[in-house]
Amino acid sequence: MHKINVFFSAVLLLFACALPASAQFGDILGGLNKAKQIHDATQEWTPEQEEAVGRASAAKMIHVFGLYNNPAMTNYVNLVGNTVAQFGTRPLQYHFAILDSEIVNAFAMPGGYVFITRGALANINNESELAGVLAHEAASGSRRGPR
């Protein structure tokens, strides 16, 4: 009887030790799957993917903030923006627009979509400052892949 108790005790001990190892193995597999997802998500996009993500993101920004209705100012922002964008490292077709918001900010989306807010424009003192903001955003938006 004593041998049976020792045997069952040994089997129970073996299972007790195996459970944490099995849980750790599951954690390791979960970690590897997460690492693969991160790797896949950080790969460069194709030009088509980049354009699609940028277009969808730009549409969302316009939906949320609206466009500032000032054709002369919009033309000026496009003139300055396209002037600085021609010195970029990628041959993107840039799209510059003014968001109708008092928030002071500028945004770049993949695929060459660049926005500046009405609030940011109100705080810009000269063309050089505008060129600097738009160049910074164009450079940010020209990096291919997730940010």
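Some points to look at:
- Computed over region 47-141: relative contact order in percent, which uses C-alpha pairs under 8 Å that are six or more apart: 30 percent
- Each residue of region 83-88 was assigned a 3J(HN,Hα) from its phi angle through the Karplus expression (A = 6.51, B = -1.76, C = 1.60, θ = phi - 60°), giving 5, 6, 5, 5, 9, x Hz with x at Gly and Pro.
- Mean Cβ neighbour count within 10 Å, used as a protection proxy, ranking 43-56, 95-108 highest first: 95-108, 43-56
- Viscosity 0.890 mPa s, 25 °C: Kirkwood-radius Stokes-Einstein D of region 47-141 over Cα pairs, µm²/s: 187 µm²/s
- Relative to the current alpha-carbon distance between Asn75 and Thr89, full extension at 0.36 nm per residue lengthens the span by 2.7 nm.
- With R₀ set to 41 Å, the beta-carbon distance separating Val104 from Glu48 gives a calculated FRET efficiency near 0.75.
- In terms of packing, defined here as the mean over residues of other Cβ atoms within 10 angstrom, the peptides 62-70, 109-117 line up highest first as 109-117, 62-70.
- As a proxy for reagent exposure, ranking Ser128, Ser57 by other Cβ atoms within 10 Å from fewest up yields Ser128, Ser57.
Values quoted throughout were computed directly from the atomic coordinates according to the rules given, and no laboratory measurement underlies them. Bear in mind the structure is a predicted one, so any value in this text is a computation, not a measurement. Note: ideal-geometry Cβ built from the backbone for every residue, glycine included; neighbour counts use all protein chains shown.
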